[in-house]
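A.B. asks: Shown below is the structure under consideration.
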Amino acid sequence: MIVTFYFFISWMLIGLFLFNRIHQHASVKEVTLLILLSCLINTHTYVGLFDTFKWMKTTTDTKLFIAVLIYKNIAVPLMVSIFTLMISRSRWNKKILYFILFNLFICSLDLINVSQGLYSFKQWNHIYTFLYFSIFLFGLLFTLKWYRGLDSWSRGESNVVD
C-alpha cells in the first residue's frame, strides 16, 4: 500500500515538474542543478548521518524498503526542487505560504512514514525533520540564487579562444 502511495506521489510530482518546465519558469540548467543537488544532499544525509549515527532505523521488510528508497531518492528531491522554484519566483507573502505548505507536507509524510513502519526514530524526532528540511530548502534557494547570478555574470563574457 505505501509503495503504491509513494509511486503515485512521485508520478504526480514528475507531472508537476513537467508542467512547471513547460511554462518556462526555469531553465533546463537550473532544473538539472536543483534535482541533482537535492538528490545528492538528501541521499548522502540519509546514508551519512542517519545510518552512521543510528538516529533512525530503516525497515528491513523488502516492500517497505522500496517505499523508503522511492521516498528519499525520488519524491523528496522532486518535492524540494518544485518548492524551491515556486518560492524563488513568487512574492514575499507567497514565499512564506509556500514555505509553510512545504513543511506541513514534509512533516505529514514523515508522520505517515513512521506510522507505516518505514523507519523509526532513535535519536531523532519530527522537530529535527522540520529543521533539516527547512535548512535543506534554504540551502537550495541560496544555491539557485547564486547560480542565477553566476549565469547572468558569465553571459557577458565570450569564451572564444583566439
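A.B. asks: For a quick check of your reading of the model, give me the residue pairs whose first member lies in region 70-94 and is of a type in the set (D, E), whose second is surrounded by fewer than 19 Cβ atoms within 10 Å (Cβ to Cβ) and at pLDDT 90 or above, with beta-carbon atoms closer than 6 Å and at least 6 apart or on different chains.
C.D. replies: As it stands, the answer is none, since no pair meets every condition given.
A.B. asks: Taking region 85-106, which residues are among the polar types (S, T, N, Q) and open to solvent by 50 Å² or more (accessible area, probe 1.4 Å)? Break it down into steps so the answer makes sense when it comes.
C.D. replies: Here is the first cut: in region 85-106, the residues among the polar types (S, T, N, Q) are 88, 90, 93, 103.
Listed by number, the list holds a single entry, N93.
A.B. asks: Is it the case that some residue within region 95-118 is over 14 Å from the mean Cα position of the chain (by Cα), among the hydroxyl-bearing types (S, T, Y) and not in a helix (DSSP H, G or I)?
C.D. replies: There is no residue in region 95-118 that is over 14 Å from the mean Cα position of the chain (by Cα), among the hydroxyl-bearing types (S, T, Y) and not in a helix (DSSP H, G or I).
A.B. asks: Next up: Does V80 satisfy being more than 17 Å from the chain's Cα centre (by Cα) and in a helix (DSSP H, G or I)?
C.D. replies: no
The values are calculated or read from the model by the stated rules, or taken from the named source; none is laboratory data. Only a predicted model underlies this, so the values are computations on that prediction, with no experimental measurement involved. Every residue, glycine as well, gets a Cβ built from its backbone with ideal geometry; the counts of neighbours run over all protein chains shown. Side chains are part of the model used for accessible areas, which takes the heavy atoms of the whole protein and leaves out ligands, DNA and RNA. Shrake-Rupley method; radii C 1.70, N 1.55, O 1.52, S 1.80 Å.
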